[in-house]
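Scroll down for the structure; my scribbles are underneath it.
The values are calculated or read from the model by the stated rules, or taken from the named source; none is laboratory data. Because the structure is a prediction, the values reported are computed rather than measured. In this analysis, Cβ positions are derived from the backbone assuming ideal geometry, glycine residues included, and neighbour counts consider all displayed protein chains.
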Amino acid sequence: MSSSSAVLDVKGLRMRYGSTDVLHDVTFQARHGEVLALLGPNGAGKTTTVEILEGFRTRSAGQVTVLGADPAAGGERWRARVGVVLQSWRDHGKWRVRELLAHLGAHYAPYSTPHLPRPWDPDRLIAAVGLTEHAGKKIKTLSGGQRRRLDVAIGIVGRPELLFLDEPTAAFDPRARADFHDLVRSLAADQATTILLTTHDLDEAEKLADRIVILDGGRIVADGTAADLSRRIAGHDEVRWMLDGRRHTERVADSTAFVRELFGRYGGAVEELDIQRASLEQTYLALVRRAETREETHR
């Protein structure tokens with residue numbers, strides 16, 4: 001991916017607090033319409049990285065370009081192209097749901113363009129986040145999960161070209177989480193919104209992300225699709241099948257190639273085929289253990 005086509009372009013990012021380095025030569029990119037998950041244990045540097053990209057924190061060194069601009073110098077027009085869903089909720093308790101979203105949406109109207117109309121129609125947005133029945137309610141009367149849905153609506157009300165999602169489905173029930181996942185996919189596909197997602201829910205990251213970047217100890221320890229990372233890091237796939245009444249199990253590096261060869265050799269005699277691929281959780285844990293081992297070795 002060329003730097004000119006990247007929505008996010010981070011090169012050699014470093015951050016130091018006093019004498020402590022918390023980010024070390026962090027480099028990655030995100031393309032137009034991509035869902036990128038940024039994962040890592042607590043203290044890995046995720047929040048610091050995201051705050052620098054959002055323009056809320058000044059980096060110590062490195063080059064950072066977001067939507068073609070340095071976020072440290074991004075002006076009001078640049079900020080109107082960015083949406084943020086923070087982990088903590090901002091209290092607008094006396095407002096009513098529809099009233100607040102209509103008010104916030106009016107801020108983005110001057111930044112509309114022919115190819116990117118702004119903002120969302122309040123009622124369509126309220127429906128998209130599952131708050132139609134609560135549109136006329138005061139925000140202070142909403143439950144925690146409903147308030148979290150409103151947070152998401154606030155983040156996307158201006159139809160951002162780039163959306164930062166920090167633990168977006170915290171406090172969501174399973175149905176609300178599934179609905180939100182559908183919304184994220186539609187934003188990336190239909191609106192061509194680039195999304196940077198931070199989450200501790202590895203299943204969510206595996207479902208949503210086109211690509212995953214894993215930070216540990218302020219360094220990137222992996223960058224790729226969930227499938228690529230699993231193949232490279234978490235070990236082999238396990239293939240199970242029945243042949244002539246006997247059960248077989250084989251651990252292989254490339255299950256697709258192995259199954260193709262298996263059917264080429266035995267054809268329809270292969271029964272009860274089952275492939276167990278390494279999960280993102282297994283990959284993530286293997287990476288973190290590997291990084292911790294390297295850190296202990298260099299002490």
So how many residues does the stretch 237-281 have that are in contact (Cβ under 8 Å) with a residue 60 or more places away in the chain and either among the aromatic types (Phe, Trp, Tyr) or part of a strand (DSSP E or B) (or both)? 0
Between a first residue in the stretch 171-182 that is modelled with pLDDT of 80 or more and a second residue that is among the hydroxyl-bearing types (Ser, Thr, Tyr) and surrounded by 16 or more Cβ atoms within 10 Å (Cβ to Cβ), which pairs have beta carbons less than 6 Å apart while being 6 or more apart in sequence or on different chains? Arg177/Thr169; Phe180/Thr169
Restricting attention to the stretch 49-77, the residues that are surrounded by fewer than 19 Cβ atoms within 10 Å (Cβ to Cβ) and farther than 11 Å from Leu8 by Cβ number exactly 16
Which condition from (1) free of Cβ contacts under 8 Å to residues at least 40 places away in the same chain; (2) more than 23 Å from Ala192 (Cβ to Cβ) is the one that Gly74 breaks? (2)
Scan Ser230, Ser186, Ser143 and give me the residue that is within 15 Å of the chain's Cα centre (by Cα) and among the hydroxyl-bearing types (Ser, Thr, Tyr). Ser186
Which residues, taken from the stretch 162-209, are charged (D, E, K, R), surrounded by fewer than 18 Cβ atoms within 10 Å (Cβ to Cβ) and touching a His at 6+ places or on another chain (Cβ under 8 Å)? Glu167, Lys207
For the stretch 11-54, which residues satisfy the criterion of being in a strand (DSSP E or B), over 22 Å from Glu167 (Cα atoms) and of a type outside the set (Lys, Arg)? Gly12, Leu13, Met15, Tyr17, Thr20, Asp21, His24, Asp25, Thr27
Limited to the stretch 254-273, what total is found for residues that are among the small types (Gly, Ala, Ser), out of contact with any Lys or Arg (no Cβ under 9 Å at 6 or more places or on another chain) and over 18 Å from Asp244 (Cβ atoms)? 1
